[in-house]
Amino acid sequence: MAIAMIISSANERKRLVKSTSNLRLLRRLAMHEESSSRRKVDDDVQEGAIPAYLLDRETTTRAKVLSNTVKQKRKEKAGKWEVPLPKVRPVAEDEMFRVIRTGKRKTKQWKRMVTKATFVGPGFTRKPPKYERFIRPSGLRFTKAHVTHPELKCTFNLEIIGVKKNPNGPMYTSLGVITKGTIIEVNVSELGLVTPAGKVVWGKYAQVTNNPENDGCINAVLLV
């Protein structure tokens with residue numbers, strides 16, 4: 001009888017230890033859950049002055065809402081500028097430039113002639129030939145582009161305002177080189193596009209879809 005009582009008391013002790021360890025584990029899990037998912041306190045704050053440590057209590061959920069809206073806007077912005085040609089063939093430097101030999105004995109090789117279509121602004125003035133490193137031939141300079149509106153399914157001959165981004169690198173962007181996949185800014189004032197505020201849209205981006213140096217013209221698709 002005494003042995004049975006000892007066994008039962010030992011079992012009871014084990015059960016108590018196990019239950020207390022389970023309780024500790026549950027408490028710890030609950031604490032982790034509370035820390036990971038901060039939420040607004042349900043108790044209504046009384047009217048009047050609020051202590052400094054309670055000022056940010058309500059903004060926990062607001063911060064989450066703000067972060068979600070910012071993420072959503074970023075996604076929308078990324079989707080907004082999806083281009084027709086996301087990947088284009090990179091152009092090698094040898095293909096882009098031709099070495100020009102200068103000097104009395106034609107030994108100097110620091111000048112380069114651009115072999116692709118380029119855009120230069122209306123007020124562009126060339127450097128003196130002696131100091132011009134990159135030569136952009138006037139026969140390959142373009143001022144207008146055939147821009148297709150994807151929704152209207154119409155093509156317009158629009159003036160180029162500037163070269164926004166050349167996929168081959170920032171140097172080609174600064175030189176105004178236009179290759180396949182380049183993002184250009186065009187003057188769309190004659191299309192009569194307006195913003196929700198009622199202002200006339202002056203410039204819009206378009207992506208070049210052809211090889212202008214081969215075709216003799218620039219074809220582009222408007223990014224709407």
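The values are calculated or read from the model by the stated rules, or taken from the named source; none is laboratory data. Please read these numbers as outputs of a predicted model, since none were measured by experiment. Methodologically, a virtual Cβ is constructed for each residue, glycine included, from the backbone with ideal geometry; neighbour enumeration extends over all protein chains shown.
Out of everything in segment 161-208 that is of a type in the set (Phe, Trp, Tyr) and surrounded by fewer than 21 Cβ atoms within 10 Å (Cβ to Cβ), what residue ends up being nearest to GLU151 (Cα to Cα)? Let's see the steps before the verdict.
Kept after step one, since they are of a type in the set (Phe, Trp, Tyr), are these residues of segment 161-208: 172, 202, 205.
If we keep only those that are surrounded by fewer than 21 Cβ atoms within 10 Å (Cβ to Cβ) as well, we get 202, 205.
Numbers: TRP202: 19, TYR205: 15 Å.
Here the answer is TYR205.
Under 21 Å from SER138 (Cα atoms) and in a helix (DSSP H, G or I): which single residue out of GLU213, GLU190 fits that description?
Numbers: GLU190 fails: under 21 Å from SER138 (Cα atoms).
GLU213 is the lone residue from the list that is under 21 Å from SER138 (Cα atoms) and in a helix (DSSP H, G or I).
Could you grab the pairs with beta carbons closer than 6 Å, sequence gap of 6+ or different chains, first residue in segment 110-137 and free of Cβ contacts under 8 Å to residues at least 40 places away in the same chain, second one assigned to a strand (DSSP E or B) and of a type in the set (Phe, Trp, Tyr)?
Listed by first residue and then by second, the contacts come to ARG112/PHE97; ARG112/PHE134.
Where the second residue is surrounded by fewer than 19 Cβ atoms within 10 Å (Cβ to Cβ) and of a type in the set (S, T, N, Q) and the first is touching a residue at least 60 places away in the same chain (Cβ under 8 Å) and lies in segment 177-193, which pairs have Cβ atoms under 6 Å and are six or more apart or on separate chains?
Within 6 Å, the pairs are LYS180/ASN211.
Out of all the residues in segment 147-157, which are without any contact (Cβ under 8 Å) to a residue 40 or more places away in the chain and either touching a Leu at 6+ places or on another chain (Cβ under 8 Å) or within 22 Å of PRO137 (Cβ to Cβ) (or both)?
Matches in segment 147-157: PHE156 only.
For the condition at pLDDT 65 or above and within 17 Å of the chain's Cα centre (by Cα), what is the one hit in LYS64, LYS71? So that I can check it myself, show each step before the final result.
On the way: LYS64 fails: within 17 Å of the chain's Cα centre (by Cα).
After ruling out the rest, the residue left standing is LYS71.
Report yes if some residue within segment 157-170 is farther than 22 Å from VAL99 by Cα, in a strand (DSSP E or B), more than 27 Å from the chain's Cα centre (by Cα) and not small (Gly, Ala, Ser); otherwise report no.
Let us first name the residues in segment 157-170 that are farther than 22 Å from VAL99 by Cα, namely 157-165, 167.
Checking the rest, the ones that are also in a strand (DSSP E or B) come to 157-165.
This time we only want the ones that are more than 27 Å from the chain's Cα centre (by Cα), so: 157.
Subsequent filtering for residues that are not small (Gly, Ala, Ser) retains 157.
So far as segment 157-170 goes, yes, one or more of its residues are farther than 22 Å from VAL99 by Cα, in a strand (DSSP E or B), more than 27 Å from the chain's Cα centre (by Cα) and not small (Gly, Ala, Ser).
Look at segment 94-117 and say how many of its residues are part of a strand (DSSP E or B) and surrounded by 12 or more Cβ atoms within 10 Å (Cβ to Cβ).
As a first pass, look at segment 94-117 and keep what is part of a strand (DSSP E or B): 97-102, 108-114, 117.
Adding the requirement that they be surrounded by 12 or more Cβ atoms within 10 Å (Cβ to Cβ) leaves 97-98, 100, 102, 111-114, 117.
Residues in segment 94-117 being part of a strand (DSSP E or B) and surrounded by 12 or more Cβ atoms within 10 Å (Cβ to Cβ): 9 in total.
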